Amino acid sequence: MNKLENIVIRAATIRDLKAIWGIEELSYSAPWPKETFFVDITFNADARYCVALVERKIAGFIGGWFKEDQLHIVNVATHPSFRRQGVAVRLVQFMMELASDLKMQSAFLEVRRSNTAAQRLYEDLGFSVTGIKPMYYPDNLEDGLTMTKVLERAHSGD
Ligand SMILES: CC(C)(COP(=O)(O)OP(=O)(O)OC[C@H]1O[C@@H](n2cnc3c(N)ncnc32)[C@H](O)[C@@H]1OP(=O)(O)O)[C@@H](O)C(=O)NCCC(=O)NCCS
């Protein structure tokens with residue numbers, strides 16, 4: 001499918017909660033409760049969420065925790081009607097650029113062993129498998145793979 005050229009990424013606000021959670025529900029067998037997003041977006045000082053807009057419609061979102069010198073990507077999902085058009089790539093790239101600007105050294109995430117689509121996305125972006133978390137996902141006791149990427153510095157010389 002053709003890649004979209006008119007994707008706009010912006011910081012999420014609590015007003016985006018309904019759309020974010022709608023995508024979450026369509027995307028996961030064990031979606032996070034809406035309250036988890038509410039708490040993360042509202043109260044977690046380490047968390048940043050972004051949404052991808054296509055013609056002002058929310059097509060996807062990403063959440064990351066910025067702790068010490070690492071970006072932990074905790075969630076990324078694209079609405080089913082916008083998949084394979086480059087939305088998730090743009091979201092992950094945006095988050096990594098933000099992390100580089102904040103002088104984070106690396107980015108990592110967990111992904112289900114069976115989620116080869118997401119693994120392919122992260123591999124395309126330079127992540128590689130650096131660990132296995134046995135039975136990480138409580139709903140079906142599936143293993144999680146940890147994938148990590150060392151980030152490029154945004155500005156040379158500092
Ligand atoms: C995984 C997910 C976020 C990808 O979103 P997306 O916007 O469709 O991804 P992109 O269009 O940016 O795809 C980028 C690359 O990822 C890989 N990819 C994405 N979906 C894929 C699929 N279904 N099968 C194989 N590779 C896939 C491809 O390499 C793709 O590049 P290509 O289309 O040029 O071949 C989306 O399928 C989704 O929301 N899934 C459910 C939630 C989820 O699994 N999130 C990740 C949790 S770790």
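Just so you know, all these numbers are worked out from the coordinates, no wet-lab data involved. What you see is a predicted model, and the numbers here were worked out from it, not measured in a lab. A quick note on method: Cβ atoms are made from the backbone with ideal geometry, for glycine too, and the neighbour counts reach across all protein chains shown.
Under 5 Å from the amide H of ASN75 lie the amide H atoms of GLY63, each residue being 5 or more positions distant or on a separate chain, with H modelled from the backbone and absent for Pro and chain starts. For LYS133, the residues 5 or more places off, or on other chains, whose built amide H falls under 5 Å of its own are GLY144, LEU145, THR146.
Under a point spin-label approximation (7 Å from Cα along Cα-to-Cβ), what is the TYR28-GLU123 distance to one decimal in nm? Reported label-point gap for TYR28 and GLU123 is 2.4 nm.
Suppose only helical runs count, i.e. DSSP H with n ≥ 4. What mean residue ellipticity at 222 nm does that imply for the chain under -39500 (n - 2.57) per run, divided by all residues and rounded to the nearest 500 deg cm²/dmol?
Values: 4 runs with 45 residues, N = 158.
Roughly -8500 deg cm²/dmol at 222 nm, from the helical runs in the chain.
Report, for the chain, the % of DSSP beta bridges that are antiparallel, rounded to 5.
90
Of the peptides 37-46, 52-61, the ranking by mean beta-carbon count within 10 Å, highest at the top, reads 52-61, 37-46. Mean separation of Cα pairs under 8 Å and 6 or more residues apart, divided by the residue count, gives the chain a relative contact order of 19 percent.
For the range 7-150, the alpha carbon convex hull comes to 106 Å³ per residue, rounded to a whole number. Taking each of LYS67/LYS133; LYS18/LYS103; LYS34/LYS133; LYS34/LYS57 in turn, the alpha-carbon distance tops 30 angstrom for LYS18/LYS103. With a cut-off of 10 Å between beta carbons, the residues surrounding TYR136 carry a summed charge of 0, where Lys and Arg count +1 and Asp and Glu -1.
If you plug the beta carbon distance of GLN105 and LYS3 into 1/(1 + (r/R0)^6) with R0 = 30 Å, you get a FRET efficiency near 0.50.
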